[in-house]
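Readers should treat all values here as calculations from the given coordinates under stated rules, not as data from a laboratory. Since we're looking at a predicted model, the values are computed, not measured. Using ideal geometry, Cβ is built from the backbone for each residue, glycine included, and neighbour counts are taken over all protein chains shown.
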Amino acid sequence: MNKEFFAALELLAQENSIPMDLLVEKIKQGISRAVKKEYPDCEDFLVDIDPEKQKFEVCLMRTVVDDEPLDMSEINIDEAIAVCSKKAKVGDVVPFKLSTAKFGRVAAQNAKQAIRTEIKTFEREKYISQFHDKIHEAVSATVQRIEPESGNATLTIDKNEVYLFKNEQIPGETLKEGDIVKLYVVDIINPDRKPMVKVSRTHKDLVKRLFELEIPEIYDGTVEVKAISREAGSRTKIAVWSKDPNVDPVGSCIGPKHSRIQNIVNELNGEKIDIIVYDEDPAVFIAHALSPADVVSVTVDEGDQKSCTVIVPNNQLSLAIGNRGQNAKLAARLTGYKIDIKPENPIE
């Protein structure tokens, strides 16, 4: 019986990636609860499980008496000598072995419940620990399946499944089974109950992480990303600045023959990216942010309200505003200023 018990124990530990000592401890707790329930008068007992020695014993620790035992906490001297120890004397505490089969279903159910609970706890903690260091990072994931009705996708990261909702996918992008894509790990939701990793391909910081991965000057800190604004699937503006006057921040991001920026654009399904030179002067920064439009002047309003008026040539007005106001909106988000764009020569 012991061989079967320990073989089952080994299989359970392997299937659930649970350390054997932790599993044994949980089974001991489950059996202890069963013993207490069946022998409430006997407070002292021993549960010994040793996988290395293939030893599995459950004993009541009973006090030897010379008359009739009051309950299961006592044992008559004659019975003690016969079944416990030939050297037993009155007053000794001797181990009285119980048949593990005696517990049968009760002990097994208690142990199984404890194991199930522990497995869930262990898996939850393991899942959280595997993603804890990935929060706010970009990771590679493999698309496993797409739900036809909702468009939600299941992907795997290091053999763990994550769920990418349709609204976190890049608009216009069609994911296919087997695709390897970059995801931004936003957070772990419900860590104390049923944890779920929230991932996104629309988050603006995905762009930042891709720049760090693709551009050595950003990774080593020579070029710094100051701000990002994004409309996923359409356009992103990213403001960069170089600590080294000899390093061109925009050129570093674009790379030889546009190789670096093209790799990022490809990862983002063709999303347009405007690389803006950051400037500590708000007026200069705002003018840069409205690229590709030319700007005549920027007047930053005084006071607590972060707003400004921008004058552009008449033929640049629609370019500065952008399709459905997108260029102006992204520039406003990038700089943190409310931008009022006006033509240089208003038509009377």
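Structure above, values below:
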item: Residues 230, 193, sorted so that the one with the fewest Cβ neighbours within 10 Å comes first; result: 193, 230
item: Ranking of 271, 344 by count of other Cβ atoms within 10 Å, fewest first; result: 344, 271
item: Farthest positive-ward along the chain dipole, Cα basis, beta-carbon charges - from 59, 32, 261; result: 261
item: Built amide H within the under 5 Å cut-off of residue 76, gap 5+; result: 65
item: DSSP-defined antiparallel bridges as percent of all bridges, the stretch 260-348, nearest 5; result: 40 percent
item: Of all DSSP beta bridges in the chain, antiparallel share, percent nearest 5; result: 75 percent
item: Dipole magnitude (debye, nearest 20) for the chain, charges at Cβ of Lys, Arg, Asp, Glu; result: 880 debye
item: Compactness index (Cα Rg / 2.2 N^0.38 Å), the stretch 244-297; result: 1.31
item: DSSP beta bridge pairing in the stretch 204-343, given as percent antiparallel to the nearest 5; result: 50 percent
item: Test item: Cα-centred dipole of the stretch 2-132, Lys/Arg +1 and Asp/Glu -1 on Cβ, debye; result: 620 debye
item: Amide hydrogen neighbours beyond the local backbone of residue 307, cut-off 5 Å, H modeled; result: 301, 338
item: Simple Cβ-charge dipole of the stretch 257-318, Lys/Arg +1 and Asp/Glu -1, about Cα centre, in debye nearest 20; result: 420 debye
item: Pairs beyond 29 Å (Cα-Cα), from 134/329; 126/243; 28/194; 182/272; 159/243; 176/204; result: 134/329; 126/243; 159/243
item: Quarter of the Cα convex hull surface for the stretch 204-343, i.e. its orientation-mean projected area (nm²); result: 8.7 nm²
item: Taking 132, 288 and counting other C-beta atoms within 10 Å, the order from fewest to most; result: 132, 288
item: Computed over the chain, Cα set: Rg, Dmax in Å; result: 34.6, 119
